[in-house]
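Working notes, beginning with the structure itself.
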Amino acid sequence: MWEIIQSNRRKSAILVVVMAGLLIAIGYLAGELLVGPGMGVSGIAVAAVVWIILSLVAYFQGRTIFLAVSGATKISKEDHPKLFNVVEEMTIASMLPSMPDIYIIDDPAPNAFSIGRDPAHAAVAITSGLLNMLDRDELQGVMAHEIAHVRNRDILFMTMIGVMMGAIVLIADITVRSLFYGGGRRRSRSSDSGQAQIIILVVGLALMILAPILARLIYMAASRKREYLADASAVEFTRLPDGLARALEKIGLSVLKSPRINRVVAPMCVVNPLEKTRSVQGLFSTHPPVTERVRILREMNAGPGVSGTFLQSYDQAFRKVTGAKTSSIPASALAQISAILPAAIAGGAGGDESSIDRARETRDAIWKSKQYRYIACDCGASLKVPPACRLPRIRCLRCRTEHMMGDAQASAMSQAGVI
Amino acid sequence: MPFLILIAVLVVIVLWVFGLYNGLVAARNMVRNAWSQIDVQLKRRHDLIPNLIETVKGYVKHERETLEAVVQARSAAMNAQGAAESGKAEGMLTNTLKSLFALAESYPDLKANQNFLALQEELTSTENRISFARQAYNDSTMRYNNKIEMVPTNIIAGMFNFKASEFFEIETPEERAVPKVSF
């Protein structure tokens, strides 16, 4: 585990240096092209300021902003005990120091993501659509995947490298646009527009167009790599490849896209929220194809004789399915010798739960987190009163009994969960 | 000049040894932390049982033995001393709980009770937590023991008397064979 985090850090450092190099080059060229020859350094300074501001915002306010943008509401244990329990189980399995906050997004498109700069500030979010779809084992697989992103420190890295990519794209975009629309005036001011300057202009423009593409490629490749690793770590936590595989299949079959999940959190999602699942997924995708991930997990499950750690067995399956020579997992982590305990006890209560029960559970979680009042009527019906309701009393729809809205007993009962 | 280089090399070596030593201490603390997590979850299970008994009692009046078996297993588990005895007692408790939940299958009223359903979820989760905590303990033990046995940390471990930690092993062969519990 530590081996993975450390190896990730080393590779991340290299990627960050490459991205920083791109950013400096872009800043220099922007200065040369926009301000004038010899002003490249000031361009670098501007690029650095843009980058620092974006980074600070992402570091301190990123979580708040993204959760707000995706319309997520925080839930507590009473709102959805099962989800809460599953996340806590995964926290124990992953040995994280503290449990992440849990958010629900009222959105039929199935997805889940995690966010937060370090494990102490982490949060996991899941859409109501996904919550409705999954049984306990599958939910455990998905949450294990999200917790794996937290444990492997993927979130901070992907946010930071995403911010660099953002700065590169932003600066390149501004430069190219102002050269096209306002560049003529500026160039005529300099008297000696010799051949050298035209060459600089052409090369600069070419780089301005290429750099953002290169930045995106680096970013997406890093993201895909970390998805495989998060899958492998999820299986390491749950010891049950089948749960995550089934969940991914269910998500893959869904045709709904999620408009509310922002493209910046895409790398932290369990599947790519921005692409149709069956479209061609290539170099510009944050996630490997779902079908391939499922095949790898199934491959793991199929072989009862697979030995070694779950990471090793994931790695074997990965090589077999993708035909890749390079490993999906750092070699230092694979050097660890076999784990001992058999598959963890998973499943149970959720197994025979119907999809109607699950839908009710999810709806309750959302309504309770939005401060709906739950009033239990003696006839067995349960009244759900939105917080905006100001009526002094309310009638049961089934037996017509009147309930006082300020009723102490009713509120006590709703708090006790007798609904 | 050669003297300075010698000092620099010595400093690097000392820092490196510090690093190795700290790594060992961190690994040992992980093991201890993981072990205490198991205890936390076992305690959680003990605390849930009185509530469960209270809820079930009203519905299954003619099944006193099953309920008493659970209560006895609980107190045995709470009073058990030492890892081996405690492991056995907790295994007993798991089994009695299993039979209690199997019993509940034949009482539709009980199965529809909200309180019972909530407790069922809590106990399922607790069972999961216990096994995940044991899994985490074994993983961290493996990492720690690897450090103790592998070069070069084994030299430091020998010098400062780091002892290998023991794996948690499941006592009964039938539990080994059936890793999946369904309530």
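Considering each of B:9, B:14, B:71, B:31 in turn, give the residue that is at pLDDT 90 or above, assigned to a helix (DSSP H, G or I) and under 16 Å from the mean Cα position of the chain (by Cα). Of B:9, B:14, B:71, B:31, the one residue that is at pLDDT 90 or above, assigned to a helix (DSSP H, G or I) and under 16 Å from the mean Cα position of the chain (by Cα) is B:31. The residue that is surrounded by the most Cβ atoms within 10 Å (Cβ to Cβ), counting only those in the stretch B:91-125 that are small (Gly, Ala, Ser) and at the interface with chain A (Cβ under 10 Å from one of its Cβ atoms), is B:125. The lone criterion from (1) free of Cβ contacts under 8 Å to residues at least 12 places away in the same chain; (2) in a helix (DSSP H, G or I) left unmet by residue A:77 is number (2). Of all residue pairs spaced 6 or more apart or on separate chains, those with beta-carbon atoms under 9 Å, a first member in the stretch A:220-245 that is open to solvent by 10 Å² or more (accessible area, probe 1.4 Å) and a second member that is of a type in the set (Phe, Trp, Tyr) and not in a helix (DSSP H, G or I) are A:220/A:284.
When the stretch B:78-90 is filtered for residues that are open to solvent by 10 Å² or more (accessible area, probe 1.4 Å) and not basic (Lys, Arg), the ones remaining, listed by number, are B:78, B:79, B:80, B:81, B:82, B:83, B:84, B:85, B:86, B:87, B:89. Can you name the residue in the stretch A:103-137 that is within 14 Å of chain B (Cβ to nearest Cβ) and in a helix (DSSP H, G or I) and is also most open to solvent (accessible area, probe 1.4 Å) among such residues? Top of the filtered list is A:137. Going through (1) facing chain A (nearest Cβ under 10 Å); (2) in contact with a helix residue (DSSP H, G or I) (Cβ under 9 Å, 6 or more places away or on another chain); (3) farther than 29 Å from residue B:58 by Cα; (4) without any contact (Cβ under 8 Å) to a residue 24 or more places away in the chain one by one, residue B:143 falls short only on (4).
For (1) in a loop (DSSP other than H, G, I, E, B); (2) hydrophobic (A, V, I, L, M, F, W, C); (3) over 18 Å from the mean Cα position of the chain (by Cα), each residue gets a yes or a no:
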{"site": "A:23", "(1), (2), (3)": "no, yes, yes"}
{"site": "A:28", "(1), (2), (3)": "no, no, yes"}
{"site": "A:83", "(1), (2), (3)": "no, yes, no"}
{"site": "A:87", "(1), (2), (3)": "no, yes, no"}
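The values are calculated or read from the model by the stated rules, or taken from the named source; none is laboratory data. All values reported here derive from a predicted model rather than from experimental measurement. Neighbour counts run over all protein chains shown; Cβ positions are idealised from the backbone, glycine included. The protein model used for the area step is the full one, side chains on, heavy atoms only, and it has no ligands, DNA or RNA in it. Shrake-Rupley method; radii C 1.70, N 1.55, O 1.52, S 1.80 Å.
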